[in-house]
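The values are calculated or read from the model by the stated rules, or taken from the named source; none is laboratory data. All values derive from a computational prediction rather than experimental measurement. Please note: Cβ atoms are built from the backbone with ideal geometry, for glycine as well, and neighbour counts cover all protein chains shown.
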């Protein structure tokens, strides 16, 4: 079982200790049954039997607690490490590959799959104790009568075989339901990110609900209902077999052989007790099956991410550069609603300190793609990028990226100013807040922004605040001024950008504001992926 191997990889020693203590607990439970059977069949109660019963009860309790606590701690630790490992894989994966996988698939894995595994591993301690109880009960049945043990094992094998066949079909349906979850998360993102468009167009909203969301949700629901029906049938059939065993022992076995009431009551008591751990296992099995499906999804995604992992360590970084050269770089990718790949390049470009460069072109011309190539977020298919004559490769690309402070059009704003270690961070941040005219709306205390619930233009100013604090040699802004009012747009182009240039920073500004282009040192124009000026 994948989930068991998942825990064994985390710490096989802890699993072994928990299994041993769980086995002791199970054995003691059966000894308790044997003592009760002897006490019931004996005419005189014995003090020795009483104290033996009390001692065994304490040992049973303590070993069960130890087993469950150790496995609970291990399982949650394993889930914790899995979350961090998966997050690390995502962060070390090339941006282009993440975009191809899709945000909905990544979100489904980080939420749905991790949640399924977390819920299932919580039941692992109970599973281990129940298994120990089953083996202990079978051992006691064998001690009472090997014939009864043989009958019980035959029924168990038949029950397990039938239940397993049914569960295999249920797991296949769970996999189909899990595949639908990726699409469902895509539709959920559509609701959140496209809420304005959906509210303003009734027919579009109705079509989205009926033709997209409802169809996917119904498919996921139907697959899960079918799988749960099969699991219910399997569980019910398993319970029926045990009643059949009890009926055979009570009504059928006395017809074949003579049995004392002591032995018969031992059989019935043990098998009745056996039904409890078996019911527990059958209850846990659906969650384990779902967790195994989630682990398979994570394994597949993890292999995909790990195979593309980049080097994430940085080398010694100089706080300046002399030139960045792009030699014949190209990059191709598939765009939506297009059959052929879109190719940007070949691009030949040199950047120097203290330059203000405007990158212009029509929508879809490749401006943002070029920005991601320059910053090292995209890896060129052909050509090379050199920093002061040194070729940028897998080994130093992470270091190269540290030259850039950016505000992309689809920027993300963190509530805390992370990774900037300066002594007077709050003071510096307040200074920039005044310069960006946000001092009345936002305060900074211990690097935490008091709010980010602002208009898009004001949020972009906060993103610019973070870029200022990073104090990198190169600044890149992707349509930063598009959400600013005319007054602050004028400040951005005529005051903020020239100030960065005067500090020796290289400034790359993707823009459509042609009335400010005269302020730049150079204009780079793109037309369908080609440099034309």
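General remarks:
- All told, residue 17 meets the bar of being within 14 Å of residue 132 (Cβ to Cβ) and modelled with pLDDT of 75 or more.
- Odd one out for residue 162, checked against (1) farther than 27 Å from residue 29 by Cα; (2) over 29 Å from the mean Cα position of the chain (by Cα); (3) free of Cβ contacts under 8 Å to residues at least 40 places away in the same chain: (3)
- Every condition in (1) surrounded by fewer than 18 Cβ atoms within 10 Å (Cβ to Cβ); (2) outside the structural domain of residue 264 (by TED's automatic domain parsing) holds for residue 86 except the one numbered (1).
- Filtering 309, 291 for residues that are out of contact with any strand residue (DSSP E or B) (no Cβ under 8 Å at 6 or more places or on another chain) and outside any helix (DSSP H, G or I) leaves a single hit, 309.
- Filter pass, residue 436 being in contact with a strand residue (DSSP E or B) (Cβ under 7 Å, 6 or more places away or on another chain), at negative phi, surrounded by 15 or more Cβ atoms within 10 Å (Cβ to Cβ) and in the same structural domain as residue 371 (by TED's automatic domain parsing): no
- Meets criteria (surrounded by fewer than 18 Cβ atoms within 10 Å (Cβ to Cβ) and not in a helix (DSSP H, G or I)) for residue 414: yes
- Residue within the stretch 26-39 that is surrounded by 17 or more Cβ atoms within 10 Å (Cβ to Cβ), farther than 14 Å from residue 133 by Cα, in contact with a helix residue (DSSP H, G or I) (Cβ under 7 Å, 6 or more places away or on another chain) and at pLDDT 70 or above present: yes
- Residue within the stretch 433-446 that is within 10 Å of residue 466 (Cα to Cα) and at pLDDT below 90 present: no
- Within the stretch 192-214, the set of residues being closer than 29 Å to residue 287 by Cα and either surrounded by fewer than 14 Cβ atoms within 10 Å (Cβ to Cβ) or in contact with a strand residue (DSSP E or B) (Cβ under 6 Å, 6 or more places away or on another chain) (or both) comprises just one member, 214.
- Checked against the criteria, residue 441 does not count as over 30 Å from the mean Cα position of the chain (by Cα) and closer than 27 Å to residue 320 by Cβ.
- Residues of the stretch 364-391 that turn out to be assigned to a loop (DSSP other than H, G, I, E, B), surrounded by fewer than 19 Cβ atoms within 10 Å (Cβ to Cβ) and touching a strand residue (DSSP E or B) at 6+ places or on another chain (Cβ under 6 Å), as a count: 1
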